[in-house]
1. Please count how many residues of segment 1-38 are over 30 Å from residue 209 (Cβ atoms) and either modelled with pLDDT of 95 or more or in a helix (DSSP H, G or I) (or both).
2. Do you know which residues across segment 19-71 are in contact with a Phe, Trp or Tyr (Cβ under 7 Å, 6 or more places away or on another chain) and free of Cβ contacts under 8 Å to residues at least 60 places away in the same chain?
3. Would you be able to tell me the number of residues in segment 79-96 that are open to solvent by 60 Å² or more (accessible area, probe 1.4 Å) and either touching a strand residue (DSSP E or B) at 6+ places or on another chain (Cβ under 9 Å) or more than 19 Å from residue 115 (Cα to Cα) (or both)?
4. Please find, among 110, 151, 120, 133, the residue that is at pLDDT below 95 and out of contact with any strand residue (DSSP E or B) (no Cβ under 9 Å at 6 or more places or on another chain).
5. Which of the residues that make up segment 88-100 are part of a loop (DSSP other than H, G, I, E, B), of a type in the set (A, V, I, L, M) and under 16 Å from residue 16 (Cα atoms)?
6. Does residue 105 satisfy the condition of being modelled with pLDDT under 95 and in contact with a Cys (Cβ under 7 Å, 6 or more places away or on another chain)?
7. When you check residue 85 against the structure, is it part of a helix (DSSP H, G or I) and modelled with pLDDT under 95, yes or no?
8. Considering only residues that are in a helix (DSSP H, G or I) and open to solvent by less than 100 Å² (accessible area, probe 1.4 Å), look in segment 58-78 and name the one that is farthest from residue 20 (Cα to Cα).
Amino acid sequence: MRIQDNPFASEEITPPFSDEWAAKRRVADAIRQLTEVLVTSSPDIEKMHVIAAQLEVTAVDFRTSPRIFGRSEWAATGEHGSFGQVSHELNPMAGWSNPIAPPVTSWIDGDLARATCQCGWAYEGPPGSVHGGFVASIFDQFLGMAQILGGQPGMTGYLHVNYHNRTPLNTELTLEGRLVKVERRKTIMRGEMYADGVMTASAECLFVQPKGGMHSIDTQSSAVQQP
């Protein structure tokens with residue numbers, strides 16, 4: 001399997017494919033900053049209404065521009081890069097042009113997969129800690145990318161997360177993942193998350209390749225739900 005065929009492929013920070021993606025990354029970064037400010041500030045109420053009015057105008061203006069729904073459609077135009085490049089920008093956990101992504105940056109290092117990310121105040125669950133749901137989502141994204149070690153991509157069959165210690169906010173998190181085994185259409189991965197050298201969580205994930213491959217998921221979803 002070629003890396004560019006892996007729907008879950010992530011990579012270290014790379015230059016944007018085009019000026020359009022460069023501009024979109026800038027917008028996404030501004031929205032991330034705005035989100036961080038929103039959950040950590042208490043400005044005058046009237047000031048917030050003024051800000052809201054400005055953003056509502058911006059949203060309407062944005063909405064009137066040409067729109068493309070779905071990463072497959074973005075790639076199909078032939079003007080925005082390959083599916084992998086589009087995913088690198090729009091993935092909800094790793095996309096540099098997606099403001100809800102931390103983002104998670106992953107890469108392969110020999111027979112291991114590695115990743116880094118940092119979650120700000122917008123991701124808070126327990127006081128000063130990353131929400132457990134986001135910890136699970138980070139593992140799902142990271143281990144999904146790490147499937148490339150097994151040579152076949154698949155959909156998540158199960159994700160089991162153990163929470164060992166709190167995962168702190170505003171701290172670089174490092175992840176390490178490894179292949180456990182490949183059995184027919186099934187791939188099992190394991191991973192750990194660390195903050196300042198302390199393991200905060202670990203996970204095991206089963207991925208199942210749909211019959212006919214990843215591009216057949218629309219018609220073969222039942223094969224994923226029942227491995």
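The values are calculated or read from the model by the stated rules, or taken from the named source; none is laboratory data. Because the structure is predicted, anything quoted here is derived from the model rather than measured. As a convention, Cβ positions derive from the backbone with ideal geometry for all residues, glycine included, and neighbour counts pool all protein chains shown. Surface areas here come from the heavy atoms of the whole protein model, side chains and all, with no ligands, DNA or RNA. Shrake-Rupley method; radii C 1.70, N 1.55, O 1.52, S 1.80 Å.
1. 19
2. Selection gives 68, 71.
3. So the count comes out to 1.
4. 110
5. 94 - this is the single residue of segment 88-100 that is part of a loop (DSSP other than H, G, I, E, B), of a type in the set (A, V, I, L, M) and under 16 Å from residue 16 (Cα atoms).
6. Against the criterion (modelled with pLDDT under 95 and in contact with a Cys (Cβ under 7 Å, 6 or more places away or on another chain)), residue 105 qualifies.
7. Considered against the rule, which asks whether it is part of a helix (DSSP H, G or I) and modelled with pLDDT under 95, residue 85 comes out as yes.
8. Among them, the one singled out is 60.
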